[in-house]
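First the structure, in the form of C-alpha cells, and then the observations on it.
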Amino acid sequence: MTGKLPGPGPGERMRPEGRRNEDGIRIDPEAEAKHEPRRAVLSALVEHEPGVLAEVSGLFSRRQFNIESLTVGTTVDESRARMTIVIEETRPGIQQAKKQLRKLIPVISVRELDHDSIQRELVIVKVNGEEPDKVHAITEMYGGETLDAGPRTITVEITGNVQKIDDAIDAYKQFGIREIVRTGYAALSRGEQQTAEVEDEVKLTADTEVPADDD
C-alpha cells in the first residue's frame, strides 16, 4: 500500500515549547530559571549505623551541593542519629537536596528548618596572649569561656548563632588569631513542633499492649 499518510508533514507538525536535555526530557523553565542562593538548614533523622555519614556526604559530593557544615550526633533513641546540614543553594537546589536525601535507605526523615528554629554553633579560638585583659573583656562580652591561658596564647570558647560567632571572631582578630575551629550547626525546632516527623511507623513502647497469640 502506497500513498501519503494523513496529517501534517514533518516540518508542519507542532513541537513542544521549551528546551530538552540530552535524554529528550523537557526542562522545566521554572527550575532552569536563575534563583539567588540562600542558606538552608536541613535536619535529617538517620539510622545510627556505620557508613551513613559517608553515604550522605558522598551524595552531596556527587551532586555538587555547596555544603557549609555537616554535624551528626546521637538522639534520645540510641538506634538513630540526627544530621544537621547547612547548604548554600538556590531554591531548586535545596528541593533537590531534600529529594535525594530521602531516597537514601538509612534516612528516615528530612526537613528544612524554619528561620526561627534554635540554631547554635560552637567555636574555639586561640589568640596571642599579650593583652589578656582585653581578650577577657571580649570573651565576657560574647558570653564565652576561657579554656586555657598562658603567657603566649589564650584559648576561648564561644557558643551562639552564626552572626554572634562571626562577630566574635572579628573582634578577636585585633589580637592575632593563631588557630580556630568551628563545630558547624546544631539545630532543633522550637516548642512542641517535631524536628523530624516520622510517617507510617509503628513503635512499641512499654505502655503498648501486645495481643497474645491465639492457640
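Of note:
- When Leu104 is tested against (1) surrounded by 14 or more Cβ atoms within 10 Å (Cβ to Cβ); (2) without any contact (Cβ under 8 Å) to a residue 24 or more places away in the chain, just one condition goes unmet, and that condition is (2).
- Residue list for segment 115-150, filter: open to solvent by 60 Å² or more (accessible area, probe 1.4 Å), touching a strand residue (DSSP E or B) at 6+ places or on another chain (Cβ under 6 Å), farther than 30 Å from Ala196 by Cα and of a type in the set (A, V, I, L, M, F, W, C): Leu147
- Some residue of segment 49-66 being part of a strand (DSSP E or B) and either open to solvent by 30 Å² or more (accessible area, probe 1.4 Å) or over 20 Å from Asp167 (Cβ atoms) (or both): no
- Segment 151-198: number of residues that are open to solvent by less than 30 Å² (accessible area, probe 1.4 Å), closer than 12 Å to Glu121 by Cβ and not in a loop (DSSP other than H, G, I, E, B): 6
- Among (1) at pLDDT 95 or above; (2) among the hydrophobic types (A, V, I, L, M, F, W, C); (3) within 19 Å of the chain's Cα centre (by Cα) - the single one Val110 does not satisfy: (1)
- Here is the figure for segment 21-48: residues that are at pLDDT 85 or above and either under 23 Å from His115 (Cα atoms) or open to solvent by less than 80 Å² (accessible area, probe 1.4 Å) (or both) total 11.
- Of all the residues in segment 77-99, those that are under 21 Å from Pro50 (Cβ atoms) and either assigned to a loop (DSSP other than H, G, I, E, B) or open to solvent by less than 30 Å² (accessible area, probe 1.4 Å) (or both) number 8.
- Thr84 being touching a residue at least 24 places away in the same chain (Cβ under 8 Å) and among the polar types (S, T, N, Q): yes
The values are calculated or read from the model by the stated rules, or taken from the named source; none is laboratory data. The model shown is predicted, which means the values in this text are computed figures rather than measured ones. Neighbour counts are summed over all protein chains in view; Cβ atoms, including those assigned to glycine, are modelled from backbone coordinates with ideal geometry. Each accessible area value is taken on the protein alone, full model and side chains, heavy atoms only, with ligands, DNA and RNA left out. Shrake-Rupley method; radii C 1.70, N 1.55, O 1.52, S 1.80 Å.
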